[in-house]
Amino acid sequence: MKKFLSLAIALLLAISAFALCACNKDNDGTIPGKYEEVEIDTPQQQEYLAETISDKLLANAPENVDETETVQQWLKQLGFELKSTLSFSTDVSVDVKDVKTEFSTDVTAEESIRARFTYSESDGAGFLAEGTVGVKGGIKLPQFLWEATELPAEELEKIKAVAENFDWSASIFSDGKGLYAQINDGVKQSLAQFGAELPSDKVMLPFDVADDPNTDGQDGDIQLPDADVDLGAELKANILDVLQLLKKYNVSVAVSQNDGWALRLKVTEETLQSLLEDENIVPPEVSEVINSAVTFSKCVAEWYIGFDKDNKFVKMASNVDIEGSIDVEKSVTVPVAVSGSFKLSSVEELSLFGGEIALPSDLDKYVDISTLVA
């Protein structure tokens, strides 16, 4: 946990308060550049890359990271914007005892969130946020799977109706004291299927961090590493651990140095095969089934982080594009035949945001539903 916290703090410190967002306008989850693969075969190569990444992440940290006031004042100017989309679809046919059934999935999720840190002498550190989140689509399962839930028929039909066609979205906000949401009609219609309703389409959940016994600090506090901790050395050690895993699982590492510096990590089918061969991750019997039944026609996942010429953070981005098919033939040991296709794609971008957060003027009118979800 300590290593994770120090890494998370270092990543925050890497984002300069004065940098401007230089996003790829296509929002395709990449950072354009002329990438050249970097060898990480030897400890020396891993050390060099880990030190380079660590130096860039910490290049814009406040000079006195052990002084809470310095970091808090710096955080006042820090903001970020996160945009992501994800889609997942399947089309599968199942043959059980010569009875064929089909099921399909088609789900799309999107989110767009902007946030700014705040600081005041009275309240300490906090944040403001605004954005939208949504998920829509449908999940159609064969009747025998629904019946396997052993739910009452009436309840089952309600769940099926919601699962097969849903469109949920909300505008969300935060004033640092709670999460506020203005939900759409789709959410209300789904709840109505079960005879339930929210007291309003404008609801809120308060943040009770100070009352959480698992929180090592009071609400609003910024947890900083101890003054005697060499943050650079600890961050470098964490990065070295990651690089060794990337090497083990055949993840491609590449760097672009035109108009700044950017790192790209690329996962391919070879990476998935390495993971399947690791018994600590995938049991051999599961790996055997996947290898014999699943074929990938496309398998790419990329992660980027980029800095400008002054080592100021620009953007983090990722994209996933996976397509394939499933084909399980009926046999004595497997009395079920399965065939079909699947597709997964996602794009995510995190960049700096220097604008203002516009919160609704009626947040005090949002209804507290903490008692309903407790």
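Loop-resident trypsin sites (Lys or Arg not before Pro) (DSSP state other than H, G, I, E or B) in region 266-338 with no more than 11 further Cβ atoms inside 10 Å of their Cβ: Lys309. Assuming charge only on the beta carbon of Lys and Arg (+1) and of Asp and Glu (-1), the dipole of region 276-317 about its Cα centre is about 460 debye to the nearest 20. Residue-wise HN-Hα couplings along region 188-197, as the Karplus relation 6.51 cos²θ - 1.76 cosθ + 1.60 with θ = phi - 60° gives them from phi, are 5, 5, 5, 5, 5, 4, 9, x, 10, 7 Hz; Gly and Pro carry x. Taking other Cβ atoms within 10 Å as a rough exposure proxy, Thr42, Thr52, Thr371 sort from fewest to most as Thr371, Thr42, Thr52.
The order of Ile40, Ile326, Ile31, Ile159, going from fewest to most other C-beta atoms within 10 Å of their C-beta, is Ile159, Ile326, Ile40, Ile31.
Once you have a ≥ b ≥ c as the square roots of the Cα gyration tensor eigenvalues for region 249-374, tell me rounded if a/c is under 1.5, and otherwise prolate or oblate according to whether a/b is larger than b/c. In terms of gyration-tensor shape, oblate.
Here, each number is a calculation from the coordinates, and none is a lab measurement. Note that the coordinates shown come from a computational prediction; the quantities given were computed from them, not determined experimentally. Glycine also receives a Cβ, built like all others from the backbone with ideal geometry; neighbour counts cover every protein chain displayed.
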